[in-house]
Amino acid sequence: MDYQNKIITVQQALALVKSGDVIVSGMMAAEGRLFLSHLHEIDSKITNVTVTNCLPIIDAQFFTNPEYADRFLTDSWFYSGSLRRATAHGSVTYIPNHLSQAGTRRLDAVKPNIYVGAATPPDKHGFVSLSLSNVYEKRMLMAADTVILEINPNMPRTFGDLEVHLSDVDYLIEADYPVPELPDGEITEKDQIIGKHIADLINDGDCLQLGIGGIPNAVANALIHKKDLGVHTEMLTTGFMKLFNAGAISNKKKKTHVGKMVCCFAFGTKELYDFIDNNSGVSILDGNYVNDPYVISQNDNQVSINSTIEVDVTGQCCSESIGSRHFSGTGGQSDTATGAQRSKGGRSFIALYSTAQVKNPLTGEREEVSKIVATLKPGAAVTLSRNDVDYIVTEYGAVRLRGLDLFSRVEKMISIAHPKFREQLYADAIAAGIYHPRHRK
C-alpha cells in the first residue's frame, strides 16, 4: 500500500503550496483541519493563493485574520458565520451555484492544484473513505494535481461512492482530532407548530429530504409515528437516525436504492457518526447525482423541506442573502424543491417564521418585521423562483401556491403572515401593482 512512504508532517504539506495555487478543502466535517489551521503560517512565502471551501467549521486564521487578506482569497459555495464576518476584509467571495453542480461547474472554470480533506485509515485493500462528505470532494480530489488527506481514526467509515485508493493519494497527514459535531439545537414553540403543519401533510411511505435547523428537527420529531418512510436527502442529520431507530424509516417504498438511506453528506452528533460507521444501509454518493432533480424525482412521493430568510407575496424565496448582503448559499434548495415536485405525488415545503427581530439602523433598537413582504429587499437573491414554489409554511399555517395566479397567491401568503402585518401587506401589494383591491374578500 506504500502507506508509510506517503506520510508527511503538516509543515511539509504547507511547503507544497505555491503562489497562485488553488486549494480545495472538504466540506464541513470533511475539511482538512490541521492543514487549514496552519495555512496562514506560510503567508510570507506565497501570494495570491485561493482556498475554495463550503461551510467551513474551523475559523482558520488565513481567512478570519485581516492580516492575511492580501495573501489569501477564500471563495465559498456556502457561507458560515465566520465567512460572513470575514467579508469585511475583502478576501472572501461567494460562488453562485446549485449544490448539485458545485463541483462540475467549478471544474469548468477553475482547476484545483491541491485537494485537502479528512479521511479514515485505509482498509486492508488500501481504500480510505472520505467519511462525511461527497458533495464535490471525490471529483475535486481526482482533478487536483496534488492530493493531501488527513487520516483520522475518529472519522466514521462510510460507504457509497466516496472510497479512494491510496494509489490516488499523494500525501497523508496522520491526525487524531475529534470529529466536529452539530448538537441537537433547541426546538422552539414556533418550530413545533411549523413542524406539525408540515408533518400533517406527510404520509406513510413518503421519501424525505430535510434541511438543517430547528424547523427540520421539529418535523423529524413530529414524524416519529409514521411508517415506511424513505430517505433521499442532501444532508443526513441526527433526526434521520432517530426516525430510523424509532421504526419510522424502512426505505422499503423507495424506487431507487431500495432499503438504503441516500445522502451526499452527513453532519450531526456523535450518535449519528456511530450509526453510520460501517453501516451499509447508508450510501453517501456524489452530490452531482444525489441532488440532480431528475434523480430525486425517481422516488415517488418525494418530500423536500427547506427554510428561507424572506419570501414575497408571489412566492419568490430569498434564502441566501439579506438584500444584497450575502448570508449563506443556495445549497440544494432549488435542486431538492424542483426534484420533489417532479416526483409522482411529490411535494416541496419552504418554511419560515412569520417575523424576525431586526435592528433598526436609525435607532439601534431591535424591532419586529414581517418575513413575508410585498417585494424582496433590493439586491436580494432569488433562491427559489416563484415558478418553482409549492407549499409555504409559517406558524400560522401551510398554503399551496402551485398553479395559482398572483391575486390568489397574495391572498394565501398574507393569510399565513403575522396578523399585525396583514393589512400593510395588502396595501404594499396594491401599491406595487401585484394585487387589486376589487378582489379583496
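The rows are residues; the columns are (1) surrounded by fewer than 18 Cβ atoms within 10 Å (Cβ to Cβ); (2) in contact with a Phe, Trp or Tyr (Cβ under 8 Å, 6 or more places away or on another chain); (3) assigned to a strand (DSSP E or B).
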| position | (1), (2), (3) |
| --- | --- |
| Pro156 | no, yes, no |
| Ser167 | yes, no, no |
| Tyr177 | yes, no, no |
| Gly185 | yes, no, no |
| Asp191 | no, no, no |
| Lys196 | yes, no, no |
| Asp204 | yes, no, no |
Scanning region 134-144 for residues that are in contact with a strand residue (DSSP E or B) (Cβ under 7 Å, 6 or more places away or on another chain) and not in a helix (DSSP H, G or I), the one nearest to Tyr115 (Cα to Cα) turns out to be Ala144
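Listed here are the residues, each with its yes/no results for (1) within 30 Å of Val382 (Cβ to Cβ); (2) in contact (Cβ under 8 Å) with a residue 24 or more places away in the chain.
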{"site": "Gln4", "(1), (2)": "no, no"}
{"site": "Leu34", "(1), (2)": "no, yes"}
{"site": "Cys54", "(1), (2)": "yes, yes"}
{"site": "Phe63", "(1), (2)": "yes, yes"}
{"site": "Trp77", "(1), (2)": "yes, yes"}
{"site": "Ser80", "(1), (2)": "yes, yes"}
{"site": "Arg85", "(1), (2)": "yes, no"}
{"site": "Ala109", "(1), (2)": "yes, no"}
For region 239-254, the count of residues that are in a helix (DSSP H, G or I) and open to solvent by 10 Å² or more (accessible area, probe 1.4 Å) equals 5
Here the qualifying pairs (Cβ atoms under 6 Å; residues six or more apart or on different chains; first in region 388-401 and within 20 Å of Gly332 (Cβ to Cβ); second of a type in the set (S, T, N, Q)) come out as Asp388/Thr338; Asp390/Gln341; Asp390/Ser348
Considering region 350-409, residues that are at pLDDT 95 or above, part of a loop (DSSP other than H, G, I, E, B) and at positive phi, and then whichever is least open to solvent (accessible area, probe 1.4 Å), we arrive at Gly379
Flagged in region 206-218 as part of a strand (DSSP E or B) and either under 16 Å from the mean Cα position of the chain (by Cα) or of a type in the set (Phe, Trp, Tyr) (or both), in numbering order, are Leu208, Gln209, Leu210
Flagged pairs (Cβ under 6 angstrom, 6 or more apart or on separate chains; first in region 219-233, in contact (Cβ under 8 Å) with a residue 40 or more places away in the chain and assigned to a strand (DSSP E or B); second open to solvent by less than 10 Å² (accessible area, probe 1.4 Å) and among the hydrophobic types (A, V, I, L, M, F, W, C)) are Gly230/Cys207; His232/Cys207; His232/Val262
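Would a scan of region 63-77 turn up a residue that is among the acidic types (Asp, Glu) and under 25 Å from Asn291 (Cα atoms)?
Among the residues of region 63-77, at least one is among the acidic types (Asp, Glu) and under 25 Å from Asn291 (Cα atoms), which makes the answer yes.
The values are calculated or read from the model by the stated rules, or taken from the named source; none is laboratory data. None of the values given here were measured: they were computed from a predicted structure. As a convention, Cβ positions derive from the backbone with ideal geometry for all residues, glycine included, and neighbour counts pool all protein chains shown. Protein only, heavy atoms only, side chains kept; ligands, DNA and RNA dropped before computing areas. Shrake-Rupley method; radii C 1.70, N 1.55, O 1.52, S 1.80 Å.
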